[in-house]
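Inspection log for the structure reproduced underneath, given as structure tokens.
Please treat every number below as a calculation from the coordinates, not as lab data. Treat the numbers as computed from the prediction; the structure is a model and nothing was measured. Counting neighbours? That spans all protein chains shown, and the Cβs are built from the backbone with ideal geometry, glycine included.
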């Protein structure tokens, strides 16, 4: 399933400055309540609240091939965490890749991501 993406730069900036942060070895996670969550829920076909996800991978980590691979790994890690545990909805979630994420497998990144989301109190067990 495709994620609802964060498309506006000001939302990334707001998540970085005002959101809660948890950092692990391979990923930094920024979480902020989404002020549009209710409107997006009404527009959703199944009337579900969803998280908007944003991915950031800097040029410091490598060229385009490395950055795109890292984004694919982050997406797959988020899917794996979402499948194994329920995640609270109605938030802006920004996943910022760190250097080890460029060469780790998605299951290792998923373990780090799960720990970060648990630290932020977003996992419902």
task = On a 0 to 90° scale, report how tilted helix 64-84 is relative to the longest principal axis of the chain, with both axes built from alpha carbons and the result rounded to the nearest 10.
result = 50
inquiry  = Counting pairwise Cα distances across region 31-72, what percent come out greater than 16 angstrom?
reply    = 54
key: Helix-only mean residue ellipticity at 222 nm for the chain, each DSSP H run of n ≥ 4 adding -39500 (n - 2.57), per residue, nearest 500   = -13000 deg cm²/dmol
ask   = Between residue 79 and residue 105, what is the label-to-label distance in nm when each label sits 7 Å out along the Cα-to-Cβ direction?
value = 1.7
task = First measure r as the distance between the Cβ atoms of residue 124 and residue 36, then evaluate 1/(1 + (r/R0)^6) with R0 = 30 Å and state the FRET efficiency to the nearest 0.05.
result = 0.90
ask   = Tell me, what is a quarter of the convex hull surface for the C-alpha atoms of the chain, in nm² with one decimal?
value = 7.5
request  = Give me the angle, in degrees from 0 to 90, between the Cα long axis of helix 9-18 and the longest principal axis of the Cα atoms of the chain, rounded to the nearest 10.
outcome  = 90
